[in-house]
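Below is one structure, written out as structure tokens; the observations come after it.
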Amino acid sequence: MKPFDYVSLLVAVAVVAAFSIYAYRGGEEGATVRIQSEEGTFLYPMEGRRNVTVTGPLGDTEILITADGVEVLDSPCRDKICIAAGRATMSGEWIACLPNRVFIRVEGPADGFIDVQTF
């Protein structure tokens, strides 16, 4: 390998590291979590640490909301796909427990920020 090859490799590694840090930095400031169920629609700020229990037709779904995102901790559904979905952190991301009729969505800040996913 020649010296320029080493420089190119270092630049590529630095770019990948920078994008990875940006992409996995956590939740958006000012974001809210919308939880929809048969009980109604609830909005929670994505800050601090909060456990929310939502009752559906199968039982209780336990949801954890932190500044880093929202995730389902426990659900009475059979396949547990909502738990396997992991953490939703950015506006537009969502988690659904269809058998228990619970839908969770991260919404952007109220200042009218438009996410790239909109287009």
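Overview of values
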{"item": "Two-site FRET efficiency, LEU98 against VAL16, from Cβ-Cβ distance with R₀ of 30 Å, rounded to 0.05", "result": "0.25"}
{"item": "Label-point separation in nm, GLU39 to ALA85, each point 7 Å along Cα→Cβ", "result": "1.7"}
{"item": "Label-point separation, LEU73 to VAL52 (7 Å along Cα→Cβ), nm", "result": "1.4"}
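Read the figures in this text as sums done on the coordinates, not as results from a lab. What you see is a predicted model; the values in this text were computed from it and never measured. A quick note on method: Cβ atoms are made from the backbone with ideal geometry, for glycine too, and the neighbour counts reach across all protein chains shown.
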